[in-house]
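Single-structure report; data block below.
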Amino acid sequence: METKPVITCLKTLLIVYSFVFWITGAILLAVGVWGKLMLGPYISLIADNSTNAPYVLIGTGTVIIVFGLFGCFATCRGSPWMLKLYAMFLSLVFLAELVAGISGFVFRHEIKGTFHRTYTDAVLNYNAEDEASRAVDNLQHKLRCCGVYNYTSWFGSVYYPSNGIPASCCVNSSDCNPEDLRNTTLAPSKVYHQGCYELVTSFMETNMAIIAGVTFGIAFSQLIGMLLACCLSRIITANQYEMV
């Protein structure tokens, strides 16, 4: 088989791969920005302290975009050392994604425990004004749930004695008033009975296999790029091929 057609084929495949890799970086960047702008309050409920997850996604996405462009440039240029550098970067991304995927799967119970602790604290210290309280309201309203396990979780909160159960627990907001929500007899007929903790953790358990599969799939896709970059670099070096 002639060398030039092989190199051309490898270059085409690697450019296509690098473009797809660049797209994944753009997606990570977009998700990071969206997470910072839209999910900040929710993230505060699943972490003891403010998490840097959105910034990690933004930084990772930016780096992948830069190296995706670098991979296209290295491929078009036909530079062996650039291709080796690109393969090295892909190997680092592969290892990072593999570790992240395994850690998320192994420590999923710790994540659930952290969510339980921080969400319980947010309910007990609810004041309807701070960021954590607004996150609780949004979660209860959107998931149609109330409290940690059920509406009785609110009986121990500092908010309940003077204000009752928060209005975000109401099944029908037009049929809820503070007096009813403070009444232990009437309140159960006005609010959701499903607890938020069970809904969130059930979703995590149900989708954990899918999330892990997607993570590992993306991680192992880096091996394709590594193989293409290394093969192209070796063939170019062996045949002293230079693209004019």
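Throughout, read-outs are computed from the coordinates displayed, never taken from laboratory work. Bear in mind that the values here come from a model prediction, so they are computed numbers and not experimental data. Because the Cβ atoms are built from the backbone with ideal geometry, glycine has one as well, and the counts that use them run over all protein chains shown.
So, R0 is 30 Å and r is the distance between the beta-carbons of Thr8 and Val33; what FRET efficiency does that work out to, to 0.05? Mind showing how you got there, number by number?
Details: r = 38 Å, r/R0 = 1.26.
The formula returns an efficiency of 0.20 here.
Using r as the Cβ-Cβ distance of Leu223 and Leu199, and R0 as 35 Å, what FRET efficiency do you calculate, to the nearest 0.05? Walk me through the intermediate numbers first.
Numbers: r = 37 Å, r/R0 = 1.06.
Given R0 = 35 Å and the Cβ-Cβ separation, E is 0.40.
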> So for the pair Arg234, Asn127, with labels modelled 7 Å out along Cα→Cβ, what separation do we get in nm?
Replying inline: 6.4 nm
>> Once R0 is set to 41 Å, what does the formula 1/(1 + (r/R0)^6) return for the Cβ-Cβ distance between Leu69 and Arg134, expressed as a FRET efficiency to the nearest 0.05?
In response: 0.55
>> Please list, in order along region 140-145, the HN-Hα scalar couplings obtained from phi with the Karplus expression 6.51 cos²θ - 1.76 cosθ + 1.60 (θ = phi - 60°), rounded to whole Hz, x for Gly and Pro.
In response: 5, 5, 6, 8, 6, 9
> Roughly what would the spin-label model give for Met88 and Val20, points 7 Å off Cα along C-beta, in nm?
Replying inline: 2.6 nm
> Amide H neighbours of Val191 under 5 Å, counting only residues 5+ apart in sequence or on other chains, H built in-plane at 1.01 Å?
Replying inline: Val171
> Given region 70-184, what whole percent of its Cα pairs are spread farther than 22 Å?
Replying inline: 54 percent
